[in-house]
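Taking it in order: structure first as structure tokens, then the write-up.
The values are calculated or read from the model by the stated rules, or taken from the named source; none is laboratory data. Everything numeric in this text was worked out from a predicted model, so none of it was measured. In this analysis, Cβ positions are derived from the backbone assuming ideal geometry, glycine residues included, and neighbour counts consider all displayed protein chains. Each accessible area value is taken on the protein alone, full model and side chains, heavy atoms only, with ligands, DNA and RNA left out. Shrake-Rupley method; radii C 1.70, N 1.55, O 1.52, S 1.80 Å.
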Amino acid sequence: MMPITEFLSCTNFIDDFECFSYQQKHHAKTYVTGLIASGNKTVEGISKRVLQSKSERALNKFLNQYDWDEDRLNRERLTALQQRNETRWSQDGVVILDDSVTHRTGDQLPNAGWFYDHAENDTVWGQNLVFSQYADEKTTYPLGFRLYEKEAESKIDHAKALVNEAHEVGVPADTYLFDSWYCSQELVEHVESYDRDWISVLKSNRHVEYGGEMIRVDALAERIDTTEREVDGETYNIWTKKLNVSKLGEKKVLISEKVTDDEDEENPVKYLVTNKIDAPTTQLIRTYSMRWRIETFFRDSKQDLGFEDCEVERDAGANRHWHLLMLAYSCLRLGVADSALGTVLSQTTSLCNDLKHSLQEAVQNLLSWTLNNADQGVDGLMDELEGVFI
């Protein structure tokens, strides 16, 4: 029977970490288990769901006062992920840079303010975090984050710091992906200083040199002829050429439009730009499509792991909450790798699907145990049930 205890509480994963004392490991496992399993992912909700209510004070102290290094935790988390083939990073992977806005209510939260949320097409009160994410064909997980503060360092500055961190921890991925907001001369030159490639999207009003004049990239549509190509079973109208791009210099520009019969499907033209001058067109489209992995991380973390649920007013506590959330996400990835369904789930990008399949397996294993241990009685069954969740 698969040890589902290991999948949910991540005992073997966290017990190897040296950043925690023995008692702190217990609190870390409690908090991570609560982020995964509890409906209410605040400290109070986790303590009531996973522990006795009287343990809330100790869990709060672990988050806000105990002496442990969250940066060391992050390094040990990434090191542990490299011990498994299913989660080990490689040169063929990518690093994705993007930010997400949390929707919050407290006015005393660290760096809280009004931010434009592209997902909502509106300005919301919350916190804005810049993340780096690793992804390849078999797995994806966050690498690090920075909490953005207006009137301080820019999001580009935070993205550059995350590039530095990825280099320092040894991420071998050759290519960085980011959207048009991050497509700045400052960031691309910083990525290239590490001898790395990048692929981004150009805003439609970005200027390129064509026919001896600087024109908007969306104006190219009136002057070019596209070629129909198939990429991973989808048909695209494509045009590509090396052009001088405003503030970026000589880069490869790729214009693609997905062909679809679905009238309800939004199908904007994509203007890709990259320093991978000699890369095949289909490879560029396929590689940039992996940028969606960070969107699924944001969605899953908000819906299932309490990304927005921690109303911690201290900087240290909020920072630790998000580090423990990354640990919870990574534990689930390792749980899937250990699972008998790991091969099937290796292509899954949604955490919801991972959890659904893992719960199905847990129920199947519990039924199997019951059939094979009929002599254990109710007490034995209750012991087994307890092991499933803690």
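The table for this structure:
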{"quantity": "So K247, is it over 30 Å from V43 (Cβ atoms), surrounded by fewer than 12 Cβ atoms within 10 Å (Cβ to Cβ) and in contact (Cβ under 8 Å) with a residue 60 or more places away in the chain", "calculated": "yes"}
{"quantity": "Residues of region 164-180 that turn out to be crowded, with 21+ Cβ neighbours inside 10 Å and in a helix (DSSP H, G or I), as a count", "calculated": "1"}
{"quantity": "Filter result (surrounded by fewer than 20 Cβ atoms within 10 Å (Cβ to Cβ), at pLDDT 95 or above and either closer than 14 Å to R291 by Cβ or out of contact with any helix residue (DSSP H, G or I) (no Cβ under 8 Å at 6 or more places or on another chain) (or both)) within region 181-193", "calculated": "Q185, E189, E192, S193"}
{"quantity": "Pair list, Cβ < 8 Å and 6+ apart or interchain, from region 65-92 residues that are under 21 Å from D174 (Cβ atoms) and open to solvent by less than 70 Å² (accessible area, probe 1.4 Å) to residues that are part of a helix (DSSP H, G or I) and hydrophobic (A, V, I, L, M, F, W, C)", "calculated": "L81/L334; T87/L81; T87/L334; T87/A337; W89/L81"}
{"quantity": "Number of positions in region 102-119 that are under 19 Å from the mean Cα position of the chain (by Cα) and among the polar types (S, T, N, Q)", "calculated": "1"}
{"quantity": "Counted residues, region 54-64 - those being of a type in the set (F, W, Y) and open to solvent by 30 Å² or more (accessible area, probe 1.4 Å)", "calculated": "0"}
{"quantity": "Number of the condition not met by P268 [criteria: (1) open to solvent by 70 Å² or more (accessible area, probe 1.4 Å); (2) under 25 Å from A173 (Cβ atoms)]", "calculated": "(2)"}
{"quantity": "The one condition in (1) closer than 24 Å to G212 by Cα; (2) at pLDDT below 90; (3) not aromatic (F, W, Y) that K252 fails to fulfil", "calculated": "(2)"}
{"quantity": "Residue among D122, D99, D136 that alone is surrounded by fewer than 21 Cβ atoms within 10 Å (Cβ to Cβ) and under 18 Å from the mean Cα position of the chain (by Cα)", "calculated": "D136"}
{"quantity": "Boolean, L147 is more than 25 Å from A279 (Cα to Cα) and part of a strand (DSSP E or B)", "calculated": "yes"}
{"quantity": "The lone exception for D197 - which of (1) open to solvent by 30 Å² or more (accessible area, probe 1.4 Å); (2) on the phi > 0 side of the Ramachandran plot it fails", "calculated": "(2)"}
{"quantity": "Where S204 falls short, out of the listed (1) open to solvent by less than 40 Å² (accessible area, probe 1.4 Å); (2) at pLDDT below 95; (3) in contact with a helix residue (DSSP H, G or I) (Cβ under 9 Å, 6 or more places away or on another chain)", "calculated": "(1)"}
{"quantity": "Residue that is modelled with the highest pLDDT, among those in region 10-44 that are open to solvent by less than 10 Å² (accessible area, probe 1.4 Å) and small (G, A, S)", "calculated": "A28"}
{"quantity": "Region 148-159, residues that are surrounded by fewer than 21 Cβ atoms within 10 Å (Cβ to Cβ) and not β-branched (V, I, T)", "calculated": "Y148, E149, K150, E151, A152, E153, S154, K155, D157"}
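Conditions (1) surrounded by fewer than 20 Cβ atoms within 10 Å (Cβ to Cβ); (2) within 28 Å of the chain's Cα centre (by Cα); (3) over 22 Å from N205 (Cα atoms), marked per residue:
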| position | (1), (2), (3) |
| --- | --- |
| W239 | yes, no, no |
| I255 | no, yes, no |
| D261 | yes, no, yes |
| L272 | no, yes, no |
| D278 | yes, no, yes |
| T282 | yes, yes, yes |
| R286 | yes, yes, yes |
| E295 | yes, yes, yes |
| Q303 | yes, yes, yes |
